[in-house]
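Worksheet: one structure, shown below.
Coordinate-derived values only; no laboratory data. Bear in mind that the values here come from a model prediction, so they are computed numbers and not experimental data. Reconstructed Cβ throughout: ideal geometry from the backbone, glycine too, with neighbour counts over all protein chains shown.
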Amino acid sequence: MHEFVEAFHFIARDGAVPGTPGLPSLARLTLETLKVSAIGVAISLVIAVPLGVWLGHLHRGSFLAINVGNVGRALPSLVVLAIGDAFLGLGLTVVEVALVILAVPPIVTNAYLGVDGVDRDLVDAARGMGMSAWETISRVELPLAAPLLFTGIRTAALFVVSTTTIAALAGFSGSLGDVIANETSYHFSGVLGAAICVAALALLVDGALLLVQRRLTPRGLRLEERARARGPLAEGAPA
Amino acid sequence: MALAPLIAAGPVIAAATEPVIPNYAAQSSSCEIHNDLFCGSWVSHNWGPVLWPALRDHILLALVAVGIGFVIAMALALAAHRFGWVERPTTAVTTILYTIPSLALFELLAAPVGLNVYSAEIALVSYTLLILFRNILAGLRSVPTEVLDAADGMGMSRGQALVRVELPLALPSIVAGLRIAIVTIIALTTVVYVIYNHGLGVPIHTALGEGPFKTELIAAGGLAIVLALFADGLLVAIQRLLTPWARARTG
């Protein structure tokens with residue numbers, strides 16, 4: 001456990017390593033990681049949410065929407081980054097492209113499944129009330145699809161934070177991964193300290209998104225979810 | 001650190017006293033020297049010494065992880081199915097494990113466990129748990145109450161009903177979880193090399209070297225992707241074999 005104590009000292013020193021001057025501060029690297037990740041997630045949202053929601057609204061392209069997720073999962077971050085590095089050189093742009101490639105599939109798949117799975121009767125009722133297609137999407141389908149949509153977004157955000165750190169292994173500089181990939185300068189205590197920061201960052205991002213999800217999930221669905229969570233207990237004991 | 005001298009540095013390799021890195025041994029065709037898109041000759045020369053061992057280790061690492069993860073997740077899911085209160089804490093812990101980025105988790109485990117296969121496997125297993133637990137539990141819960149009542153009426157004990165009714169009916173959901181888990185783990189295993197120098201991450205790391213060697217990247221990366229898709233397809237085939245009734249219904 002000695003290593004963990006050293007790692008926390010490293011964090012407390014904000015990333016300074018005695019005897020090695022000129023290293024970037026840990027706070028700055030954390031912010032950089034967050035920035036690179038946020039850009040990746042933002043671009044992916046702009047591409048994937050409309051696509052998934054639109055396909056789900058039309059109830060079409062299930063093969064595409066579901067399989068893009070399956071194939072996306074099979075792409076290892078390191079491979080995508082390494083190939084980007086080999087052909088284009090690993091600058092911020094190429095890293096962002098890699099992040100988007102990895103983050104779009106889970107969002108598309110879950111947005112599709114969420115909207116596609118909305119009770120058809122409800123959609124018909126919305127139409128009957130005179131709602132336009134856009135109103136049906138924004139006021140009925142999107143709110144009801146929110147839990148699944150956010151599952152996709154949270155998965156994507158995890159992929160992105162994880163991949164941003166892995167980008168350091170492929171030679172990209174500007175994330176907490178720099179510390180993990182550079183044990184020579186930082187020693188193991190630094191690597192461990194950065195790993196702790198990465199883990200904390202990922203958990204915070206996920207927690208923040210979970211809060212947003214709770215906010216955006218309609219109250220009726222939340223109640224239903226709670227009832228379902230309790231349900232199996234009652235069912236569990238056969239007469 | 002990356003000790004991969006690129007082909008361009010060929011003469012240096014010959015002069016160096018350190019052991020020759022097998023990837024770049026002796027023969028280097030013009031294709032390799034110019035770092036063309038894909039050199040078939042390099043792949044055929046290096047299949048035996050480099051790619052096959054990496055692929056074999058990759059498969060073993062992933063299979064062991066999913067196997068152990070499946071056993072643990074099954075135990076947890078059965079417990080949660082029987083005792084509802086197990087679900088919440090299990091979901092909480094496995095979600096946290098799932099959320100920690102792989103590179104960080106490997107290093108966090110390397111401190112107490114060491115740079116070895118154990119820390120690699122513990123990390124990989126921890127990523128399978130959430131996926132498998134949720135899918136197994138969802139499968140078990142999807143079994144209609146009437147079916148269970150029928151089993152009860154036929155005089156089946158709880159254990160018999162579980163083995164002969166609930167688990168078979170939960171199979172599609174269980175296999176769906178296994179598919180996600182194996183594909184995810186095969187992708188993640190490429191990063192294992194940072195703590196345990198095995199798997200397809202090794203040739204990828206070597207190829208990243210100074211100026212990336214494209215053939216090795218495409219070959220090793222391609223193998224990882226093909227392996228994942230192959231495993232996925234294999235599980236679909238196994239599911240079809242194991243659930244003949246699903247086919248009978250649709251066909």
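Per residue of B:218-229, other chain Cβ atoms within 10 Å of the residue Cβ number 4 on average. Each Lys and Arg Cβ is given +1 and each Asp and Glu Cβ -1; about its Cα centre, chain B then shows a dipole of about 840 debye.
Once the Cα atoms of helix B:52-82 and of chain B are each reduced to a long axis, what angle between those two axes, in degrees from 0 to 90 to the nearest 10, is obtained? Helix B:52-82 sits roughly 20 degrees off the main axis of chain B. Could you state the number of Å between the C-alpha centres of region B:88-108 and region B:195-251? Between the Cα centre of region B:195-251 and that of region B:88-108, the gap is 23 Å. Specify the angular offset, from 0 to 90 degrees and rounded to the nearest 10, of the alpha carbon long axis of helix A:2-12 from the longest principal axis of the alpha carbons in chain A. Helix A:2-12 sits roughly 80 degrees off the main axis of chain A. Volume per residue of the convex hull around the Cα atoms, evaluated for region A:25-219, comes out as 112 Å³. Cα centroids of region A:123-175 and region B:118-163: how far apart, whole angstrom? First find each Cα centre; the distance between them is then 29 Å.
Counting Cβ atoms of other protein chains within 10 Å of each residue's Cβ and taking the mean over peptide B:111-122 gives 1.
Taking amide H positions as modeled 1.01 Å from N, with prolines and chain starts lacking one, the residues under 5 Å from B:Cys39 and 5 or more places away or on another chain are B:Thr215. Over the protein assembly as shown, the reciprocal of the mean inverse Cα-Cα separation, the Kirkwood hydrodynamic radius, stands at 24.4 Å. Considered as an equivalent ellipsoid built on the Cα gyration tensor, chain B has semi-axes of 46, 21, 12 Å, the largest given first. Please give the residues of region B:135-156, grouped as numeric ranges, whose backbone N is less than 12 Å from a label point set 7 Å along the Cα-to-Cβ vector of B:Arg164. Backbone N within reach: B:151-156. 3J(HN,Hα) along region A:114-126: x, 6, 4, x, 5, 3, 4, 4, 5, 5, 4, 4, 4 Hz, from the Karplus curve 6.51 cos²θ - 1.76 cosθ + 1.60 with θ = phi - 60°, whole Hz, x for Gly and Pro. Partner shielding of A:66-73 amounts to 3, given as the average count of beta-carbon atoms from other chains within 10 Å of each residue beta-carbon. Taking the Cα atoms only, what angle lies between the long axis of helix B:117-141 and the longest principal axis of chain B, rounded to 10 degrees? In chain B, helix B:117-141 runs at an angle near 30 degrees to the longest axis.
Rounded to the nearest 500, the 222 nm mean residue ellipticity of the protein assembly as shown from helices alone is -24500 deg cm²/dmol, with -39,500 (n - 2.57) taken per DSSP H run of at least 4 residues.
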